[in-house]
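This report concerns only the one structure given below.
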Amino acid sequence: MFHSLRIKNFRLILFSILCLIVLLAVCLLMLRAAPPDTVEIDDEKVGLKIGSDEDIEAFIDRCGYVVEGCISDDEVTVPKTWNDAYTAYNDLQKQQGFDLRPYKGKTARKLVYALTDSADQVTVLTTDDRIIAADICAPEQGSSPRPLTGHTPADPTYSE
């Protein structure tokens, strides 16, 4: 009688440990996928929370660019499944401190701004009152986006 009781207790303990391991793994994955609150620009942490479109323009200005205004404001959905292009785009975003993985399948606002001193355009993705991605790109079809943060127009160290 005591022998079977020990086996049941052992199974219960083993089951409890497995449940705890699974719970810890889920918590770690959720923490890993948490969106960033800041990005680093010129060795300074800059917040990504926004309350208005003026905050977005101030963020772009902080990156070293001056915009004429928003030329496009659309809703987009970050795909749940990514092809090579989306993976490469997220790699670009991760270089800047952003990460689109937590936003897979979610709707975002895509704002495109015209620069005052260039034909290039700045694209910013926002959702939940925060900036989740940003890039600069020439408006021609097929041009590759470049990082917005850390590379200003006068930066001679940046090359495509």
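The values are calculated or read from the model by the stated rules, or taken from the named source; none is laboratory data. All figures in this text were calculated on a predicted structure; none of them were measured in a lab. Cβ placement follows ideal geometry from the backbone for every residue including glycine, while neighbour counts extend to all protein chains displayed. Heads up: the accessible areas ignore ligands, DNA and RNA and are worked out on the full protein's heavy atoms, side chains in. Shrake-Rupley method; radii C 1.70, N 1.55, O 1.52, S 1.80 Å.
Residue check: Thr116 meets all listed conditions (1) open to solvent by 50 Å² or more (accessible area, probe 1.4 Å); (2) polar (S, T, N, Q); (3) within 16 Å of Leu48 (Cα to Cα) but one, namely (3).
Candidates in the range 132-149 are the residues that are in a strand (DSSP E or B) and β-branched (Val, Ile, Thr); of these, the one that is farthest from Ala108 (Cα to Cα) is Ile136. If the condition is being over 19 Å from Gly47 (Cα atoms), open to solvent by 30 Å² or more (accessible area, probe 1.4 Å) and modelled with pLDDT of 90 or more, then the range 121-143 contributes only Gln121.
Restricting Thr87, Thr149, Thr107 to those that are closer than 18 Å to Leu48 by Cβ, hydroxyl-bearing (Ser, Thr, Tyr) and open to solvent by 20 Å² or more (accessible area, probe 1.4 Å) reduces the list to Thr107.
Screening Leu115, Leu125, Leu111, Leu148 for residues that are within 11 Å of the chain's Cα centre (by Cα) and not β-branched (Val, Ile, Thr) leaves exactly one candidate, Leu125. Among strands (runs of 3 or more DSSP E) entirely within the range 1-77, having at least 2 residues that are aliphatic (A, V, I, L, M) and modelled with pLDDT of 80 or more singles out 67-77.
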